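Participant: First the structure, then my questions, so here it is.
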Amino acid sequence: MNMKSYRLVRFLNNFFVYFILTFFAFIMLFPFFYMLSTSFKIPSDTFRYPPRMLPRDPITMQVDGYDEPLPLYFVDVDGVQKEYALVRSNIKVGTYAPVDNPAAVVDRFISEVKPTGGVMNQQKVVVNGEEVKLFDVEVDGQVVPMILVSQTTVGEFIDPQDPESEPVFQNVRLSEPVENVGWHPENYKEVIELNNLGRALTNTTLVTVLVVMGQLVTSVFGGYAFARLKFPGRDTVFVFYLGTIMIPFVMLIVPLYQLMVLIGWTDRLASLIIPWIFTAYGTFLMRQHFITFPKEIEEAALLDGASRFAILKDIIIPASIPALATQATFTFLYAWNSFIWPLVIINVGNEKNHVLTLALNVLRGRASDTPNLILAGAAIAIVPPLIVFILGQRFFVESVAGSGVKG
Amino acid sequence: MKTQSRIDAQTNLILRIHIIWRGLLALMAALSVWMIWARMAELPVWQKILFSLAAILVMVFSSYGAYQFSKHNHSGRMISLTLDYLGFVVCFVFALNVGEFFIGIDALGENFGKGIPYLGITVLGYFLGMLEEYFPTRNNASENSLKTVSKWVMLSGFLLFLWQVKALNGIVYFFGKFAQPGGMVAVIGLMVFGLSLWSMNRPNVAQALNVKTRHEQVINGWLFLSPNLLGFLIFFAGPLLLSFYFSFTDSDAIRTPNWVGFDNYAKILNIKFITLDVPDQLARDVVDIKVYDEVGRFTFGDRGILFAAEDKFFWLALRNTLTFVLFAVPLSVLPALVLSNVLNSKLPGMKFYRAVYFMPSIAAVVGISLVWQWLYNATIGYINYFITLGIEFWNNLFNVAIIDPKIQWVSDEKTALFAIIIIAAWQTMGFNTVLFLAGLQNIPGELYEAATVDGAGAWDKFWGITLPMLAPTTFYVVSTTTIQAMQVFEQVFILMNPPEGPNNSTITLVLYLYRSGFQNFKQGYASAIAWVLFIVIFGLTLIQFQRQRRSSIYES
Amino acid sequence: MKKNLLLKIMGLVIIASFVLTACGSPAATEAPEATEAPAMTEAPAATEAPATEASSADVALRWRTRPDNQEEIDVYSKISTELDAQLDGITLTYEPGGSEGSNYQDQLRAEVAAGTAPDVFWIPGTDVADFATRGLILNAADLAAATDGYTATDFYEGPMYHLTYNPETGASGDGSGAVWGLPRDVSTFALYINLDLIAEAGAADPRELAANGEWDWEAFLEVSQATRALGSDIYGYGASAWWGPYGVWLNASGGGFFTEDRTACNLNSAESLAGLDFQRSLYQDYDVAVPYGEDPEPGFRAGKVAMFQNGRWATPGVRTVDFNWDVVELPAGPNGTAGNWLFWGAYVINANTEHPEEAWALVQALTTAETQGKVAALGANIPSRVSQEALDAFLTFTPPANNQAFLNGIDPSAAPTAEGPLWAGSWPQFDQIMGPAIQGVLTGSTTVDDFGATICDEANKAFNQ
């Protein structure tokens, strides 16, 4: 009995845990799902309310007697929902009522209603102190003068299987179109070819690859010097490095900009690469790693006459692949996602040197009426790092956790 | 003196040439100082000072090195190596510049895309080589064959890649540039400095200058550090100093900056608090509105205090940024703390959830902001749709009539900043969860076991063990999140139109810095804002650090 | 073994990156912007068109405009290609700048400072004074004086007043000693109307009302309310969040941003506040407008906004919609006029250009009646040259059928206010103070009275610093 209730409590407990976790997972993933699904939609589908997750296409159908394929809508015929084709829209309909009985309204096509007394001298009555025009409206075979209460427009829908049957008239905007799920991967093609995302992707890849490689090289050498070599001034420099780790990048944005102006690198990809190769933080991380490396192995190699470079190359680096990979991933994300520096230094007009974040910023303005294209662009910027992450998920997360505790 | 006898004639010659070389370099440096001041009038003053300082240093050290050389002291060799190395690096960079290496990167973008698939082949080849590890073979032959295949695949992939990106043209173009005078100078410089370095490193020469084993570490240490250190000085420390200098000038990136002393800081910090007779008294009645703008007012009953500042936007930005930090940090740290504790259970599937939570922190902020922009859309966005659904459900369930607020997330002054806060919390929560999780896993299990024996409940354990033991992680998480939050810019810039938001409700410090520095071109002023921002960040971190220290003292 | 391999790869890739980066350069020489390759001097800033190359080849000029959509980019690219063939000794490269949302002018200022800006570029009229007084653009007065057939009166007076304004003497017009550029085109606001929505709502057709002279604020409000009633996602009116749309309401009630002589703030005059209050009521009291701050263009193009206030520049984008649409002039305010703007932007010459003569030739070529006709035909703005011929041609560039609405807007009888810079102050600063404050009113967080009580105290700081 006791055991049973314990099990129940544990089950409830676990259920609660999974409920919380799944709830948060939904929140975390939903924007990504939204981005991906919207990027496959057609523009009109993105503006639909209530919003829907899967992309859909309206269906059209070839109907006898019409040249163009006609769009299909759900139409209510005698209480049954049917798929009808829209033949004509913007047919004006008026709601008419007799002057003495405003409740007895009838709907008529405006084209079928004649002004009372002819177009030239239409008769008028005074209702509530205002002059209102009178119309001849046919009710049950009798012509009754009525006033126009309100008017709207409808569309004419016909049965596509039987075009000769009685048409149905109803509001087009509020009619639900017949749709099927349809994906539009050509959005990606359009955004890559027409909106410069292709070139931006190349540039981003180039910049990221060069920054990651360059930063690894300088931090490995620097970290090794700090960790293993004794020379006067080392500790002073190291303290200096440590002190600058906390300084935010925006501190540098103005002077670095002027420096780039000075050496003529504004508007050049070099300005996105070279300054980012040298970081205090990366060097610090490498030093923290190398310092844990057993000294004995190194000393033995030194006695064998190996040079410092050879030791670094043959012994230390191969044993430090996880630490290098950690730093490489951090740098990768930083370089791939950076925005404010490219915004400042790369010319908006020089689309050849745009990186993804910049191209997205331009796309946002140019394609504000096509969210599908904007979000396809966002997906191009977001998905590659996600793929890298999913492939090396376990390793990645653990290395971040490790760096955090160390830092 | 005893070593002197062992010097052979060749070494002696090298040493003499070196002394001359050092003297020559000193002379050239002196000449360039004269050139800078006499011939280059168009250079800004700070650059003149910088360049001549460098030249004077070269002059002094070079002559001092020559003097030490003549006495056969090892410090002469050190100085010589350093100067020649620096000279070599300068010539090397100059040569790259002459060959249009740096700006050539742009053109690489043109062809790089075509080459990427071939680079992929190279990587594939590398993984092929790695396979050997997973299929341990007994006979050496097959191992070698796998290696060979891998090597050839890599090589061919790489060559194809080079061919695709038109490497040959590049090389020809690169070396073609050296036929011109600039290129000649670079090449000669490279050769002279290189030769000097090479000769200085000959064992005989080193011996003659009384080299000791400890010198090896000194030379290697600085050599290994040098790429990083030089780049760091040029692209980080230098600009940092420059930023400090700019903050005292009216630099506008176009004209030569003028020194204005503390004016920029004075303008930023010029504020006034005035007690009002009636809460809605106009600002112009109580302050000089030619100087001050009203930033805000606080009302207490029938009294009020007016807060006026010379630079209203800075204080609005500071207010918004601090509000952002105040909400975004707890919202991304507290749920992370809870989630990490839940994830720390030994139930199956936790790694999946951990990975899912981590995903937002990887995505580009610019892209994420674009996605949220549409989620926030007041008429067709999902967020308002979910709110509508929730309210309908609630109304039906309890038969009440709550009105759908139809929040205008980004165009309403009251919600705009909050919309940004939600994105930031969403994006950093998972990262913090992983950090907390790592901290939790480092807490020794015995502590909990002992507490269980003592009869402590889950809640007691959380307060008594988990939280105190997590303190260092918490400090790290809170301080990094705060530093990051203080720099909020991208979300605001992308999501808001205009970025300042409705009634300046989303102008942040970095946005204001960007606007001052790159829209209004008050770069001196922007630098001053940057330093104030830094001081605020530094202060916040210091406070957290103090608190963390105090609490850890309590624990121990 | 494995370690070696890894290192070899790293080595290879590093060497590769060295080689590769240099290798792109010849590719650049083949590309049209050949002269972008840097000069062989130590001076790093001299990256454009080295003199040695210029003498042997065509002079390469870069020019830029701010297109709002892909359609406009196509228009200007085509113009560039045509002029390239037409102008001897000049090679043209057209580069589209960012759109309004991506801070076109700010980026341009940064680039002029950095020396990477194009030789000729378009800037909005409001920024001319700022660019001119900062020395970022060239005063082409001497070049203009030496040009046969150039006279300022060929263009609309409003733009040319500012484009020939000499800040030192205060003179303007031919012989003032200043020519900052030539207007690319002019534009004015109209309402883009969704005819389907208006018909469905049973509201009166604004075009007919306008023809009968009944198109005033009251009629406008009626149409807005009728269409808004069609559904919670349908709006009657929409305008973007910048000074143009809200300025109209101030102008139409007899107020405006500045005093007559443009030397002080006029936002707190009773007329200005009345106009602002009517606009506020559209957003707050009647709730007929797309919430201020949300971009109404996507909504309009999705068929959810009945009347969308924008300039001629929106036409190429609107042409792609699949409902019936047209344009109509803005409704007349209590002052009797619609208070419309005469928008303009000008081609100006980079102050640091190496080829001022060629750049001036390009500016002229870009503003000939012929070129302007092409631009107008392809859908963008109204020609900036005063000529009945050009206006008649403009009417034929349909859709929209009712092109006359635009011309009515710039007709002198409609008394449009010319967009203009502040020579006596800083327009960007004025705008930065005014914009958020008005946004506060339109979103309901500030009352019109509070706005009126303080706005000019703050905004007057933009003058005479």
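The values are calculated or read from the model by the stated rules, or taken from the named source; none is laboratory data. Just so it is clear, the structure is predicted and the values come from calculations on it, not from any experiment. Every residue, glycine as well, gets a Cβ built from its backbone with ideal geometry; the counts of neighbours run over all protein chains shown.
Participant: Only one residue in B:ASN503, B:ASN520 is within 14 Å of chain C (Cβ to nearest Cβ) and in contact with an Asp or Glu (Cβ under 6 Å, 6 or more places away or on another chain). Which one? Steps first, please.
Facilitator: Working: B:ASN520 fails: in contact with an Asp or Glu (Cβ under 6 Å, 6 or more places away or on another chain).
When all the criteria are applied, what remains is B:ASN503.
Participant: Which number in (1) among the small types (Gly, Ala, Ser); (2) part of a helix (DSSP H, G or I); (3) farther than 30 Å from C:GLY170 by Cα; (4) touching a residue at least 24 places away in the same chain (Cβ under 8 Å) marks the one condition that C:GLY409 misses?
Facilitator: (3)
Participant: I would also like to ask the following. It is to be established whether one or more residues within segment C:162-183 are among the aliphatic types (A, V, I, L, M), assigned to a loop (DSSP other than H, G, I, E, B), more than 14 Å from chain A (Cβ to nearest Cβ) and under 21 Å from C:THR417 (Cα atoms).
Facilitator: Residues of segment C:162-183 that are among the aliphatic types (A, V, I, L, M), as a first pass: C:163, C:171, C:178-179, C:182.
Okay, now just the ones that are also assigned to a loop (DSSP other than H, G, I, E, B), so C:171, C:178-179.
After this cut, where a residue has to be more than 14 Å from chain A (Cβ to nearest Cβ) as well, the list is C:171, C:178-179.
Retained after the next criterion (residues that are under 21 Å from C:THR417 (Cα atoms)): C:171.
Taking every residue of segment C:162-183 in turn, at least one turns out to be among the aliphatic types (A, V, I, L, M), assigned to a loop (DSSP other than H, G, I, E, B), more than 14 Å from chain A (Cβ to nearest Cβ) and under 21 Å from C:THR417 (Cα atoms).
Participant: Within segment B:224-233, does at least one residue satisfy the condition of being in contact with a helix residue (DSSP H, G or I) (Cβ under 8 Å, 6 or more places away or on another chain) and within 13 Å of chain C (Cβ to nearest Cβ)? Lay out the reasoning, then the answer.
Facilitator: Of segment B:224-233, the ones in contact with a helix residue (DSSP H, G or I) (Cβ under 8 Å, 6 or more places away or on another chain) are B:224-232.
Checking the rest, the ones that are also within 13 Å of chain C (Cβ to nearest Cβ) come to B:227.
The answer is yes, given that some residue of segment B:224-233 is in contact with a helix residue (DSSP H, G or I) (Cβ under 8 Å, 6 or more places away or on another chain) and within 13 Å of chain C (Cβ to nearest Cβ).
Participant: With the condition kept exactly as written, say whether any residue in segment A:281-291 is free of Cβ contacts under 8 Å to residues at least 40 places away in the same chain and within 11 Å of chain B (Cβ to nearest Cβ). Please lay out each step first, then the result.
Facilitator: Residues of segment A:281-291 free of Cβ contacts under 8 Å to residues at least 40 places away in the same chain: A:281.
Next cut, within 11 Å of chain B (Cβ to nearest Cβ) only: A:281.
Yes, segment A:281-291 has at least one match.
Results for (1) outside any helix (DSSP H, G or I); (2) of a type in the set (Lys, Arg); (3) more than 27 Å from A:LEU148 (Cα to Cα), shown as yes or no for each residue.
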site: A:MET35; (1), (2), (3): no, no, yes
site: A:LYS41; (1), (2), (3): yes, yes, yes
site: A:PRO71; (1), (2), (3): yes, no, yes
site: A:LYS82; (1), (2), (3): yes, yes, yes
site: A:PRO102; (1), (2), (3): yes, no, no
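Participant: Quick one: which helices (runs of 4 or more DSSP H) lie wholly within segment B:156-268 and hold at least 1 residues that are among the hydroxyl-bearing types (Ser, Thr, Tyr), modelled with pLDDT of 80 or more and surrounded by 16 or more Cβ atoms within 10 Å (Cβ to Cβ)?
Facilitator: On the way: elements: B:167-176, B:181-200, B:203-208, B:213-232, B:238-246.
Output list reads B:181-200, B:213-232, B:238-246.
Participant: Does B:VAL153 satisfy the condition of being at pLDDT 80 or above and farther than 30 Å from B:PHE112 by Cα?
Facilitator: Details: at pLDDT 80 or above: yes; farther than 30 Å from B:PHE112 by Cα: no.
For B:VAL153, the condition - at pLDDT 80 or above and farther than 30 Å from B:PHE112 by Cα - is not met.
Participant: May I pose another question? Give me the residue from segment A:19-62 that is more than 19 Å from B:GLY349 (Cα to Cα), β-branched (Val, Ile, Thr) and surrounded by fewer than 18 Cβ atoms within 10 Å (Cβ to Cβ) and, out of that set, farthest from the other protein chains (Cβ to nearest Cβ). Write out each step before concluding.
Facilitator: Residues of segment A:19-62 more than 19 Å from B:GLY349 (Cα to Cα): A:30-62.
Next, only the ones that are β-branched (Val, Ile, Thr) stay: A:38, A:42, A:46, A:59-60.
From what is left, the residues that are surrounded by fewer than 18 Cβ atoms within 10 Å (Cβ to Cβ) are A:42, A:59-60.
Numbers: A:ILE42: 11, A:ILE59: 16, A:THR60: 13 Å.
Filtering first and then ranking leaves A:ILE59.
Participant: Answer yes or no as to whether C:ASN408 is buried (at least 17 other Cβ atoms within 10 Å of the Cβ) and modelled with pLDDT of 85 or more. Even if it seems obvious, please write down each step before you answer.
Facilitator: Details: buried (at least 17 other Cβ atoms within 10 Å of the Cβ): yes; modelled with pLDDT of 85 or more: yes.
Yes, satisfied.
Participant: Only one of (1) over 30 Å from C:GLY440 (Cβ atoms); (2) modelled with pLDDT of 90 or more; (3) crowded, with 21+ Cβ neighbours inside 10 Å is not met by B:THR473, so which one is it?
Facilitator: (2)
Participant: May I ask you to list pairs of residues, at least six apart or on different chains, whose Cβ atoms are under 8 Å apart, with the first in segment C:290-317 being more than 8 Å from chain B (Cβ to nearest Cβ) and the second being among the basic types (Lys, Arg)?
Facilitator: Matching pairs, first to second residue: C:GLY303/A:ARG173; C:ALA306/C:ARG228; C:GLY317/C:ARG301.
Participant: If you check B:GLY524, B:GLY501, which single one turns out to be surrounded by 24 or more Cβ atoms within 10 Å (Cβ to Cβ), assigned by TED's automatic domain parsing to the domain that holds B:ALA438 and at pLDDT below 90?
Facilitator: Working: B:GLY524 fails: at pLDDT below 90.
When all the criteria are applied, what remains is B:GLY501.
Participant: Residues that are of a type in the set (S, T, N, Q): find the helices (runs of 4 or more DSSP H) completely inside segment A:254-368 holding 3 or more of those. First the steps, then the outcome.
Facilitator: Details: elements: A:270-273, A:280-290, A:295-303, A:308-311, A:321-337, A:340-345, A:356-366.
Helices (runs of 4 or more DSSP H) meeting the threshold: A:321-337.
Participant: Restricting the search to segment A:135-173, which residues are within 55 Å of the chain's Cα centre (by Cα) and of a type in the set (A, V, I, L, M, F, W, C)? Give the derivation first.
Facilitator: So the first thing to find is which residues in segment A:135-173 are within 55 Å of the chain's Cα centre (by Cα), and the list is A:135, A:137, A:146-173.
If the condition is that a residue be within 55 Å of the chain's Cα centre (by Cα) and of a type in the set (A, V, I, L, M, F, W, C), then A:PHE135, A:VAL137, A:MET146, A:ILE147, A:LEU148, A:VAL149, A:VAL154, A:PHE157, A:ILE158, A:VAL168, A:PHE169, A:VAL172 are the ones that fit.
Participant: Collect the residues in segment B:427-439 that are surrounded by fewer than 24 Cβ atoms within 10 Å (Cβ to Cβ) and within 16 Å of B:PHE489 (Cα to Cα), keeping them in residue-number order.
Facilitator: Passing the criteria: only B:THR428.
Participant: Still on this model: Does B:LEU15 count as surrounded by 13 or more Cβ atoms within 10 Å (Cβ to Cβ), at pLDDT 85 or above, of a type outside the set (Gly, Ala, Ser) and part of a helix (DSSP H, G or I)?
Facilitator: The answer is no for B:LEU15.
Participant: Just give me the residues in segment B:223-261 being aliphatic (A, V, I, L, M) and in contact with an Asp or Glu (Cβ under 6 Å, 6 or more places away or on another chain), in sequence order.
Facilitator: Of all residues in segment B:223-261, those aliphatic (A, V, I, L, M) come to B:223, B:225, B:229-230, B:233-234, B:237, B:240-242, B:253-254, B:260.
The one that is aliphatic (A, V, I, L, M) and in contact with an Asp or Glu (Cβ under 6 Å, 6 or more places away or on another chain): B:VAL260.
Participant: Sticking with this structure for a sec: Only one of A:GLY243, A:GLY223, A:GLY214, A:GLY305 is more than 8 Å from every other protein chain (Cβ to nearest Cβ) and buried (at least 23 other Cβ atoms within 10 Å of the Cβ); which?
Facilitator: Numbers: A:GLY243 fails: buried (at least 23 other Cβ atoms within 10 Å of the Cβ); A:GLY214 fails: buried (at least 23 other Cβ atoms within 10 Å of the Cβ); A:GLY305 fails: buried (at least 23 other Cβ atoms within 10 Å of the Cβ).
Selected residue: A:GLY223, the only one of A:GLY243, A:GLY223, A:GLY214, A:GLY305 that is more than 8 Å from every other protein chain (Cβ to nearest Cβ) and buried (at least 23 other Cβ atoms within 10 Å of the Cβ).
Participant: Additional query: Looking at (1) surrounded by fewer than 16 Cβ atoms within 10 Å (Cβ to Cβ); (2) away from every other protein chain (no Cβ under 14 Å); (3) among the charged types (D, E, K, R), find the lone condition where A:GLU83 falls short.
Facilitator: The single condition A:GLU83 does not satisfy is (1).
Participant: On to the next question. Is it the case that B:PHE273 is crowded, with 20+ Cβ neighbours inside 10 Å and either touching a residue at least 24 places away in the same chain (Cβ under 8 Å) or within 27 Å of C:ARG109 (Cβ to Cβ) (or both)?
Facilitator: Judged against the criteria, B:PHE273 is not a match.
Participant: Across segment B:71-120, what is the total count of residues that are buried (at least 19 other Cβ atoms within 10 Å of the Cβ), facing another protein chain (nearest Cβ under 7 Å), of a type in the set (Gly, Ala, Ser) and in a helix (DSSP H, G or I)?
Facilitator: 3
Participant: Within segment B:309-401, considering only helices (runs of 4 or more DSSP H) that don't extend past its boundaries, which have at least 1 residues that are surrounded by fewer than 21 Cβ atoms within 10 Å (Cβ to Cβ), within 13 Å of chain A (Cβ to nearest Cβ) and small (Gly, Ala, Ser)?
Facilitator: Working: elements: B:312-343, B:350-362, B:365-375, B:382-398.
Fully inside segment B:309-401 and qualifying: B:350-362.
Participant: Right, here's the next one. Could you grab me the full set of residues in segment C:412-424 that are part of a strand (DSSP E or B) and touching a His at 6+ places or on another chain (Cβ under 8 Å)?
Facilitator: Let us first name the residues in segment C:412-424 that are part of a strand (DSSP E or B), namely C:417-418.
Across segment C:412-424, the qualifying residue is only C:ALA418.
Participant: Scan A:LEU256, A:LEU272 and give me the residue that is more than 22 Å from B:GLY109 (Cα to Cα) and in the same structural domain as A:HIS354 (by TED's automatic domain parsing). Even if it seems obvious, please write down each step before you answer.
Facilitator: On the way: A:LEU272 fails: more than 22 Å from B:GLY109 (Cα to Cα).
Sole residue among the options that is more than 22 Å from B:GLY109 (Cα to Cα) and in the same structural domain as A:HIS354 (by TED's automatic domain parsing): A:LEU256.
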